[in-house]
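Take a look at the structure set out below.
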Amino acid sequence: MTYCLAITLDDGLVFASDSRTNAGADQVAMYSKMHTFELEKERVFVLLTAGNLATSQAVLARIKRDIEDEAEESLHSVRGLSDAAAYLGRINREEREKHEDTLTKAGFSADASFILGGQIGRQAPEIYLIYPQGNFITTSSHTRFLQIGESKYGKPILDRIVARETALGDAARCALVSIDSTMRSNVTVGPPIEVIVYERDTLAFEHYLCLDADDDYLMDLKRAWDDNIRRAFQDLPRFDWEGTRGQKRRSTQITTLRKAAKKTVKKG
């Protein structure tokens, strides 16, 4: 299992991913799921991967080969991000179909999913989620982020914090908390955690982090989040029955209701 996410904002893009792969309880390994492609001062791409490792590695190999061979269609030649997503979707579908029957018979899935994001020239930065079948989606005015892999544990914090005007630094911290929350609930997601923050129109990657489990910044972030969320919980409004007097009043009310219910049953 894995967990990757990307966020699109007014000021740019944020990408984050874990690095753990799992093929069983005794087959855990670390692979980077974040890959970058650049054509200096012209275009930049970040690719996040999840799912079958062999499929995703085959897709990556074809992308690199198309660039090296100066193929008619490649990340260096597509006109827009949506064209890049369609190109990647086609490759993903073709590579999955090569091994699908064999893997299905062995009880495995050949499926791989991707998030592709970046910027071409002065076009707006975008992110796309590409499914195993080759189709894809992008963000909307109401949904500013995309996720692949084990997404459910890290989604609530993104829903509460991320908006189009969110600052890049805040979004990056939110992404780290999202991944940390997922790691706490699912042991198949784990460090190192990689983060790229892309500033709109720079056409360059200037902010990259790779954080191990014992990284000082990551440890400080976890402690601050834990402390503040506990404090926020303690500050939640109290129920009117809390406290000694309130508990007695509630107990009396419950007892009275139970007696009334028994009388009704007897009469019936």
Given the condition open to solvent by 40 Å² or more (accessible area, probe 1.4 Å), under 19 Å from Thr21 (Cα atoms) and not in a helix (DSSP H, G or I), answer yes or no: does some residue in the range 50-65 qualify?
yes
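Residue by residue, here is whether (1) exposed (fewer than 12 other Cβ atoms within 10 Å of the Cβ); (2) at pLDDT below 90; (3) touching a Cys at 6+ places or on another chain (Cβ under 6 Å); (4) not hydroxyl-bearing (Ser, Thr, Tyr) holds:
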position: Arg223; (1), (2), (3), (4): yes, no, no, yes
position: Leu236; (1), (2), (3), (4): yes, no, no, yes
position: Lys248; (1), (2), (3), (4): yes, yes, no, yes
position: Ser251; (1), (2), (3), (4): yes, yes, no, no
position: Ile254; (1), (2), (3), (4): yes, yes, no, yes
position: Lys259; (1), (2), (3), (4): yes, yes, no, yes
position: Lys262; (1), (2), (3), (4): yes, yes, no, yes
In the range 101-113, which residues are buried (at least 18 other Cβ atoms within 10 Å of the Cβ) and out of contact with any Pro (no Cβ under 7 Å at 6 or more places or on another chain)?
Ala110
When the range 104-128 is checked residue by residue, the ones that are hydrophobic (A, V, I, L, M, F, W, C), within 14 Å of Leu13 (Cα to Cα) and touching a strand residue (DSSP E or B) at 6+ places or on another chain (Cβ under 7 Å) are Ile115, Leu116, Ile120, Ile127
Matching residues in the range 185-218 (under 16 Å from the mean Cα position of the chain (by Cα), outside any loop (DSSP other than H, G, I, E, B) and more than 14 Å from Ala172 (Cβ to Cβ)) number 1
Hey, any hits in the range 57-79 for a residue that's among the small types (Gly, Ala, Ser) and in contact with a helix residue (DSSP H, G or I) (Cβ under 7 Å, 6 or more places away or on another chain)?
yes
Given the conditions (1) of a type in the set (A, V, I, L, M); (2) surrounded by 22 or more Cβ atoms within 10 Å (Cβ to Cβ); (3) without any contact (Cβ under 8 Å) to a residue 60 or more places away in the chain, and given that Ile137 satisfies all but one, which numbered condition is not satisfied?
(2)
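Is it the case that some residue within the range 189-201 is modelled with pLDDT of 95 or more, in contact with a Phe, Trp or Tyr (Cβ under 6 Å, 6 or more places away or on another chain) and not polar (S, T, N, Q)? So that I can check it myself, show each step before the final result.
Narrowing the range 189-201 to residues modelled with pLDDT of 95 or more: 193-201.
Going one step further and asking which of them are in contact with a Phe, Trp or Tyr (Cβ under 6 Å, 6 or more places away or on another chain), we end up with 196.
Filter once more, keeping what is not polar (S, T, N, Q): 196.
Yes, some residue in the range 189-201 is modelled with pLDDT of 95 or more, in contact with a Phe, Trp or Tyr (Cβ under 6 Å, 6 or more places away or on another chain) and not polar (S, T, N, Q).
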Go through the range 179-226 residue by residue and tally those that are touching a residue at least 40 places away in the same chain (Cβ under 8 Å) and among the small types (Gly, Ala, Ser).
2
Gly24 meets each of (1) of a type outside the set (Lys, Arg); (2) farther than 23 Å from Glu194 by Cα; (3) modelled with pLDDT of 95 or more with one exception, condition (3)
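Out of the residues in the range 162-172 that are of a type outside the set (Ser, Thr, Tyr) and buried (at least 17 other Cβ atoms within 10 Å of the Cβ), state the one that is nearest to Leu53 (Cα to Cα). Give the steps one after another, and end with the answer.
Within the range 162-172, the subset of a type outside the set (Ser, Thr, Tyr) is 162-165, 167-172.
Pick out the ones that are also buried (at least 17 other Cβ atoms within 10 Å of the Cβ) and you get 162, 168, 171-172.
Details: Val162: 30, Leu168: 30, Ala171: 28, Ala172: 26 Å.
So the residue we want is Ala172.
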Could you tell me how many of the residues in the range 173-210 are in contact with a strand residue (DSSP E or B) (Cβ under 7 Å, 6 or more places away or on another chain) and either among the hydroxyl-bearing types (Ser, Thr, Tyr) or buried (at least 19 other Cβ atoms within 10 Å of the Cβ) (or both)?
17
Reported set for the range 79-94 where residues are over 12 Å from Ile137 (Cα atoms), touching a residue at least 24 places away in the same chain (Cβ under 8 Å), open to solvent by 10 Å² or more (accessible area, probe 1.4 Å) and in a helix (DSSP H, G or I) is Arg90, Arg93
Test Leu116 against the criterion of being closer than 18 Å to Ala50 by Cα, part of a helix (DSSP H, G or I) and open to solvent by less than 70 Å² (accessible area, probe 1.4 Å), and give yes or no.
no
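The values are calculated or read from the model by the stated rules, or taken from the named source; none is laboratory data. Here the structure is a predicted model, which means the values were calculated and not measured. We place every Cβ from the backbone using ideal geometry, glycine too, and count neighbours over all the protein chains shown. Please note that ligands, DNA and RNA were not included when accessible areas were found on the heavy atoms of the full protein model with its side chains. Shrake-Rupley method; radii C 1.70, N 1.55, O 1.52, S 1.80 Å.
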